[in-house]
Amino acid sequence: MQYRWPRKKRHYLIIFLLILAILTVLLWHRMVITAYAGEAGVLFRRFSGTEIDTIYKEGVHFISPLDIMTIYETRNQIALHEFDVLSVKGLRIHLAIAIRYRPRYDMLTTLHQQIGPDYLQRIVLPQIESVMRRQLGSYNADQIYTNGKGLLNKAIVLAINEVGRNYVVVDDVIIRSLTLPDNIVKAIEDKLTQQEYMRSYEFRLKTATKEAQRKISEARGINQAQRIIGESLTPEILAFKGIKATQELAKSQNAKIVVIGSGKNGLPLILGDNAFTTTAGSAAQNNNKPMKTLSSSPSYIPASSSQTAYQQFNQAPVQ
C-alpha cells in the first residue's frame, strides 16, 4: 500500500516539480545576484528595510525573491553635461563640462537609502551646475572667458566640495568648452591683442633703458681705466719700455731707421723706412719745399716723443 500511493499520485508530483522548475527559472535573476569587478550591492529586505550595516562585495549572492539587491558601480565614472551661465551683465555663456565621480564605498548603504541609485541626476549634476552658476554669475564675460584670477578653478573647487557632502566623491570637473557669441569673442581677442602690444612696448622700453645704463657704465669704466693707465706711465716706466722695445725691434729682419736721441732719457726713435718716407714726402708736398737732410749729429728727442714712439710701437705688429 505504501508503494502504490506514489504511483497513483505521481502525476501530481510531476506537476509540482514542473511548477517549481518554472518558478526557479522565472525568479532566478531575483534569487541569484552577481556583483562583478568594481561593483557592490545593497540589499533591501521586504519586511525589514535596507541593511545599513552590510555591503555585499564582488561575487555571487543568494537572496530571497521577495528581497531586492541594488548593484552600484564603485569605480570612477565620467558624465558629460552642458548648461548655460549668465554673466553679471546678462550675457549668456555656454559651458560643456566632464565630471569624474564615484560613490563613497563606506557610505554606499546610506547613499542608497537617502538618495538612490540615480544620484548622478539628483545630486551631482544639479549641485555642480548650481555652484558654478552662482560663482560665475558675478563676473564679466571677458573675465570668465580668460579665467581671470582663476575664477573657474575656484568655482570647480567649491562645486566639488559641495557634492562631497552627499556621499559622492567628485575627483575632477573638466571644462571641455566655453562658448560666447562670436562678436564678443572677437572683441575680447582684440583687447587681449592690444594688451600684449602694450606689454611688448613696455618690455622694449625697459630693454632700451638697461642698454643705455650699460653703455654709461662701460664709458665710465673706460674713462677710469685710461686715467689709471695715464697716471701709471711715469718717465722711468717709459724708459724701461723703450729699451725693451728697442731690443725686440733689433731682432726683427725688416728694414728700419733708428734715430739715436741724446735727451735726458736717451731713448731712441725707431721708424720703419715706409713710415719715414711717407711722412717726409707728405711734408715736402704740403710745404712745397725740398726736404732737409738729416744731420749726422745726434738730435734731442724729448720725453713726449719717446712716449709717442712707444705707443706707435705697441700699435704696429712686430715681424
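The values are calculated or read from the model by the stated rules, or taken from the named source; none is laboratory data. Treat the numbers as computed from the prediction; the structure is a model and nothing was measured. We place every Cβ from the backbone using ideal geometry, glycine too, and count neighbours over all the protein chains shown.
Looking only at residues in segment 154-182 that are more than 22 Å from residue 119 (Cβ to Cβ) and among the hydrophobic types (A, V, I, L, M, F, W, C), the one that is modelled with the lowest pLDDT is 180. In segment 195-215, the qualifying residues are those that are hydrophobic (A, V, I, L, M, F, W, C) and farther than 30 Å from residue 142 by Cα, and the one that is farthest from the chain's Cα centre (by Cα) is 212.
Please enumerate the residues belonging to segment 117-159 that are of a type in the set (Gly, Ala, Ser) and in a helix (DSSP H, G or I). Please lay out each step first, then the result.
Within segment 117-159, the subset of a type in the set (Gly, Ala, Ser) is 130, 137-138, 141, 148, 150, 155, 159.
Selection gives 130, 141, 148, 150, 155, 159.
Show me the strands (runs of 3 or more DSSP E) found entirely inside segment 1-108 where at least 1 residues are closer than 30 Å to residue 187 by Cβ and in contact with a strand residue (DSSP E or B) (Cβ under 7 Å, 6 or more places away or on another chain).
On the way: elements: 32-35, 39-45, 59-62, 68-73, 77-86, 92-103.
Fully inside segment 1-108 and qualifying: 77-86, 92-103.
For segment 160-192, a residue qualifies if it is in a strand (DSSP E or B) and farther than 30 Å from residue 72 by Cβ, and the qualifying residues are 177, 178, 179. Only one of the listed residues (174, 160, 156, 216) is hydrophobic (A, V, I, L, M, F, W, C) and touching a residue at least 40 places away in the same chain (Cβ under 8 Å). That residue is 174.
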